[in-house]
Amino acid sequence: MTKALLLIDIQNGFCPGGNLPVAEGDAIVPVANALMASGRYDLVVASQDWHPANHGSFASQHPGKAPFDIGELSGKPQMMWPDHCVQGTSDAAFHGDLDTAKIDFVQQKGQNPAVDSYSAFRDNDQAALTGLSDYLKSKGVTELDLCGLATDYCVKFSAVDAVEMLPGVTVRFIEDASRGIDPAGVTAAIEEMKARGVEIVTSKTLLP
Ligand code: VGL
Ligand code: ZN
């Protein structure tokens, strides 16, 4: 049994004060730290949204579009986001209170300006893989608990891909260690994760 914890995008950009803030995004940091300190996990992995300044998911790259409009990217409908998590900026850095010393591996994503990458495993068009599934397979991971920001985007896409790309691995979503952008979207995301075989748990059931 190799147990892994996957922390999704716990970055300044998705916390209050960031460029794409998620309500109470910072409230998950102590929970993530407690999970990392619990001794439960053999491996801790974190993903990091890591966009070039000209990323095509940014409304700023589309004349006439405002953040949260629906636009188009490489011919497909795309939510227009505010500029966020630009490579090397403080917005892209992990939250300052996150115990990054306990992270074994960081998977960056979202570098290709022509496609968005909500999942830590592959781009939204499912063409290019990040390498994370091969990494977790090489470590013999049998259980993957995941949490982070935002539940209705990167956490959900990562959880659903984990079930599909890591056959036989138990995948759990830790609800209280996650926050989402849109409340209705969060409810739908949890239903979709459940339907795809993701277990929904809280940190209470995982911590000693
Ligand atoms: C995310 C929107 C755009 C996320 C990343 O981490 O959930 N959402 N980029
Ligand atoms: Zn992004």
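The values are calculated or read from the model by the stated rules, or taken from the named source; none is laboratory data. Since the structure is predicted, the reported quantities are computational estimates derived from the model, not experimental observations. Every residue, glycine among them, receives a Cβ derived from its backbone with ideal geometry; neighbour counts consider all protein chains shown. These accessible areas exclude ligands, DNA and RNA; they are computed on the full protein's heavy atoms, side chains included. Shrake-Rupley method; radii C 1.70, N 1.55, O 1.52, S 1.80 Å.
The number of residues in the stretch 117-136 being away from ligand 2 (no atom under 16 Å from the Cβ) and of a type in the set (G, A, S) comes to 3. Looking across the stretch 66-88, just one residue is free of Cβ contacts under 8 Å to residues at least 12 places away in the same chain and within 26 Å of A27 (Cα to Cα), and that is G88. Does the stretch 12-31 contain at least one residue that is away from ligand 2 (no atom under 16 Å from the Cβ), within 19 Å of T170 (Cβ to Cβ) and not polar (S, T, N, Q)? No - not one qualifying residue is present in the stretch 12-31.
Within the stretch 127-208, which helices (runs of 4 or more DSSP H) (wholly inside it) include 1 or more residues that are of a type in the set (S, T, Y) and surrounded by fewer than 19 Cβ atoms within 10 Å (Cβ to Cβ)?
Output list reads 132-138, 183-195, 203-206.
With the structure loaded, tell me whether Y118 is touching a Cys at 6+ places or on another chain (Cβ under 8 Å), open to solvent by 20 Å² or more (accessible area, probe 1.4 Å) and within 12 Å of ligand 1 (Cβ to nearest atom) or whether it fails that test. So Y118 fits the description; yes. So which residues in the stretch 49-62 are open to solvent by less than 20 Å² (accessible area, probe 1.4 Å) and over 14 Å from N112 (Cα atoms)? A59, the sole residue that qualifies. Take the stretch 101-116 and flag every residue that is in contact (Cβ under 8 Å) with a residue 60 or more places away in the chain and either closer than 13 Å to Q48 by Cβ or more than 14 Å from ligand 2 (Cβ to nearest atom) (or both). Listed by number, the residues that qualify are K102, I103, D104, F105, V106, Q107, Q108, K109, G110, Q111.
With touching a residue at least 12 places away in the same chain (Cβ under 8 Å) and within 15 Å of ligand 1 (Cβ to nearest atom) as the only criterion, which of A128, A93, A34 stands out? Outline the logic, then answer.
Working: A128 fails: within 15 Å of ligand 1 (Cβ to nearest atom); A34 fails: within 15 Å of ligand 1 (Cβ to nearest atom).
Unique residue meeting the criteria: A93.
The single residue among K76, K102, K109, K65 that is closer than 25 Å to M36 by Cα and surrounded by fewer than 19 Cβ atoms within 10 Å (Cβ to Cβ) turns out to be K102. Across the stretch 99-127, the number of residues qualifying as in contact with a Gly (Cβ under 8 Å, 6 or more places away or on another chain) and basic (K, R) comes to 0.
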